[in-house]
Amino acid sequence: MAEERVQRRLAAILAADVVGYSRLIETDEKGTRARLRSLQSELIEPQIAGGGGRIVKTMGDGILVEFPSAVDAVSSAFELFRTMRKRNADVPEEDRIEFRVGINVGDVIVEGDDIHGDGVNVAARLQALCEPGEIYVSGTVYDQAAGKVLASFEDLGEKTVKNITKPVRVYRIKLADQDTSRPPSPVAMLRRPAVAVLPFENMSTDAAQDYFADGLTEDIITALSLWRSFPVIARNSTNTYKGQAIDVRKVAKDLDARYVLEGSVRIYAERIRVTAQLIDATTGHHVWAERIDRDLNDLFIVQDEIAQKISASVAPELERAEQRRSFTAGTQDLDAWGYYQRGMSHLVEYSQGGNQQARDMFERAIALDQNYAEPLIGLAYCNYQEVRWSWTKDIETKQAEIFQLVRRAIELDEMDAKAHWMLGLGYQILRRFDRAIAEGESAVALNPNFALAYFGLGGSYLFGGQPKSAVGCLETAIQLNPRDPRNFIVYTILAHAHLILNEYEKAVETANKALPIRPDFMAAHVILASSLGHLGNRREAADALEEFERVRPGHLDTLKALSDLEVYGEAYDYRALGETHLLDGLRKAKLLG
């Protein structure tokens, strides 16, 4: 009897499951099953059928679907997720049904109505890599669907997945609202200055070290892409310049980039030296340059560290350069991007007047482009500062506006780390520290190189009663962006965390780093005085508050009259936060009765 021939075909495979299914069933088995049945009949099945798909099988909380093409699979998944977001908008977070999806195109074995094989396995492995509410696709899907669907893609690099021999190139679908009735703004999408990262040059005598220079270049491009303030030219475009003599202005013109990052790698003995420089191609001037020397203990760890350091330094320098440019451009015909940058330059003044000027700039940017997320976040931050520093009497209205603005920004781009950072700050001033921590952690996960995300998360940890976690976050924030003008607050909150942990000498050292940046910042003086009080240095503690009185005349009496210190601008109840340490230190220094 002849051996039965195995039937195979090429197919686009979608594997999906419900996130947290066991928890949902445990909480409300009957209700969860009913909602899943409703979703399947009302939403999932019609969406799949409309895309030409076929449900191969369902497995409790999972579903396997076959589509005739990658375009059909991606389009169906994208529309399904957009509809789910709207459907979940009014559902409490703990009750939401959310999916994660993996899509692959590959060879499948057909047995009746069922399919299996590596094509299916890869889709399932991609689904398992996803976070809640994410869609991951293989490189094959990207090659066939990119440019043919509304969705955009983020390259996550090659991933090793279980039981698959070769690494799989993985892309994450960006789920920002891209409805064709609201096309992306030409200002936001086309006129933002792009940065091109040229291949780093291997200066070593060993040509085999090219792989390190190439890997470093790719890691920097990936890390910079996490910053959503400016486009980053794809590596396949910049890689064409490898090994060539570079005319920066010509390269920038060819790639339509305003900034060019170039560098070199030299490995000798057990040391590595990396140099990098950021150039404004319109003027040829250097914006930033740095040399990094490291011991070569573990090549890949060193590569990751250097890529993170460079990207974390370059991104703020790009923003500062654009802020300077926005002023030199004059006031005629400024687009939304220019208004946004001018707003940001006013925002870091940390003054009531600067805050109002920033508000004016952000409102102008929004008037030009209502679908531009960054000025929405900036305007939310203006409200936050007004509440934080008691610059408004209408606190409830300002708090409500923060959440309205940030949620609008997240609707436009739910993967924007800045939006989640700002949402965390909103929860901070409501003292919802559990939610503030969750949003801060989301911001860090979305962009591990975003210093402000660590700053915000560190503050949430501190006021949420986790000072040890706060220390790590705040130290990372300073390492990532040591030149940030806001670091006087970072150092102060870090000093506060050391104070709570009984690390008084570290608290003194850290508070003293805040004061040269902002000598009139009350919190730094108070925490310094309290820490010195705990150390028994009464004279120095008194000197600290006398210095505060010198730079802010008349404020010392206000401080002494408070039972709950308004150290950070608004009246936190420090006793409720376990903050007796701060008050006790001032009493030990005989600065409070």
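Once region 430-450 is narrowed to residues that are open to solvent by less than 10 Å² (accessible area, probe 1.4 Å) and either of a type in the set (Val, Ile, Thr) or part of a helix (DSSP H, G or I) (or both), the residue that is farthest from residue 311 (Cα to Cα) is 436.
Among all residues of region 85-106, there is at least one that is of a type outside the set (A, V, I, L, M), in contact with a strand residue (DSSP E or B) (Cβ under 8 Å, 6 or more places away or on another chain), touching a residue at least 60 places away in the same chain (Cβ under 8 Å) and open to solvent by 70 Å² or more (accessible area, probe 1.4 Å). Close contacts from region 448-469, counting a first residue that is within 24 Å of residue 582 (Cα to Cα) and a second that is aromatic (Phe, Trp, Tyr) and in a helix (DSSP H, G or I), with Cβ to Cβ under 7 Å and a gap of 6+ residues or different chains, come to 456/421; 460/433; 463/433; 464/433; 469/461. Scanning region 469-484 for residues that are touching a Phe, Trp or Tyr at 6+ places or on another chain (Cβ under 8 Å) and either aliphatic (A, V, I, L, M) or surrounded by fewer than 23 Cβ atoms within 10 Å (Cβ to Cβ) (or both) returns 469, 470, 474, 476, 477, 478, 480.
The residue of region 400-414 that is most open to solvent (accessible area, probe 1.4 Å), among those that are in contact (Cβ under 8 Å) with a residue 40 or more places away in the chain and out of contact with any strand residue (DSSP E or B) (no Cβ under 9 Å at 6 or more places or on another chain), is 411. Of all the residues that make up region 303-315, how many are open to solvent by less than 30 Å² (accessible area, probe 1.4 Å) and either at pLDDT 75 or above or polar (S, T, N, Q) (or both)? Counting residues in region 303-315 that are open to solvent by less than 30 Å² (accessible area, probe 1.4 Å) and either at pLDDT 75 or above or polar (S, T, N, Q) (or both) gives 8.
State the number of residues belonging to region 195-207 that are free of Cβ contacts under 8 Å to residues at least 60 places away in the same chain and open to solvent by less than 60 Å² (accessible area, probe 1.4 Å). Total satisfying the criteria: 1. It is to be established whether one or more residues within region 511-530 are open to solvent by 40 Å² or more (accessible area, probe 1.4 Å), within 22 Å of residue 581 (Cβ to Cβ) and touching a Phe, Trp or Tyr at 6+ places or on another chain (Cβ under 9 Å). Checked against the condition, which is being open to solvent by 40 Å² or more (accessible area, probe 1.4 Å), within 22 Å of residue 581 (Cβ to Cβ) and touching a Phe, Trp or Tyr at 6+ places or on another chain (Cβ under 9 Å), region 511-530 yields at least one hit. Candidates 424, 465: the one that is at pLDDT 90 or above and either under 23 Å from residue 224 (Cα atoms) or not charged (D, E, K, R) (or both) is 424. With 24, 39 as the choices, which residue is more than 29 Å from residue 142 (Cα to Cα) and in a helix (DSSP H, G or I)? Checking each option against the conditions leaves just 24.
Among residues of region 349-363 being in contact (Cβ under 8 Å) with a residue 24 or more places away in the chain and open to solvent by less than 40 Å² (accessible area, probe 1.4 Å), the one that is farthest from residue 379 (Cα to Cα) is 350.
Looking at region 12-44 only, could you name the residues that are under 34 Å from the mean Cα position of the chain (by Cα) and open to solvent by 80 Å² or more (accessible area, probe 1.4 Å)?
22, 23, 26, 27, 35
Among residues of region 1-18 that are of a type outside the set (S, T, N, Q), those with a Cβ under 9 angstrom from a residue that is open to solvent by 80 Å² or more (accessible area, probe 1.4 Å) and modelled with pLDDT under 80, sequence gap 6+ or separate chain, pair up as 17/59.
So in region 259-290, with the set limited to residues that are farther than 29 Å from residue 302 by Cα and in contact (Cβ under 8 Å) with a residue 12 or more places away in the chain, which one is surrounded by the most Cβ atoms within 10 Å (Cβ to Cβ)? Filtering region 259-290 for residues that are farther than 29 Å from residue 302 by Cα and in contact (Cβ under 8 Å) with a residue 12 or more places away in the chain, the one surrounded by the most Cβ atoms within 10 Å (Cβ to Cβ) comes out as 281. Mind listing whichever residues of region 355-382 are of a type in the set (Val, Ile, Thr) and outside any helix (DSSP H, G or I)? Once the filter is applied, which keeps residues that are of a type in the set (Val, Ile, Thr) and outside any helix (DSSP H, G or I), region 355-382 yields nothing. Candidates 499, 457: the one that is open to solvent by less than 20 Å² (accessible area, probe 1.4 Å), touching an Asp or Glu at 6+ places or on another chain (Cβ under 8 Å) and assigned to a helix (DSSP H, G or I) is 457. Residue under question is residue 237, and the condition is that it be closer than 30 Å to residue 340 by Cβ, at pLDDT below 75 and not hydrophobic (A, V, I, L, M, F, W, C); does it hold? It is true that residue 237 is closer than 30 Å to residue 340 by Cβ, at pLDDT below 75 and not hydrophobic (A, V, I, L, M, F, W, C).
In region 383-426, which residues are in a helix (DSSP H, G or I) and more than 23 Å from residue 372 (Cα to Cα)?
Keep residues of region 383-426 that are in a helix (DSSP H, G or I), which gives 383-388, 395-412, 417-426.
If the condition is that a residue be in a helix (DSSP H, G or I) and more than 23 Å from residue 372 (Cα to Cα), then 387, 388, 395, 396 are the ones that fit.
Taken together, 181, 225, 229 contain a single residue that is of a type in the set (Ser, Thr, Tyr), open to solvent by less than 40 Å² (accessible area, probe 1.4 Å) and modelled with pLDDT under 80, which is 229.
The values are calculated or read from the model by the stated rules, or taken from the named source; none is laboratory data. Computed from a predicted model, the values in this text were never measured in an experiment. Methodologically, a virtual Cβ is constructed for each residue, glycine included, from the backbone with ideal geometry; neighbour enumeration extends over all protein chains shown. Protein only, heavy atoms only, side chains kept; ligands, DNA and RNA dropped before computing areas. Shrake-Rupley method; radii C 1.70, N 1.55, O 1.52, S 1.80 Å.
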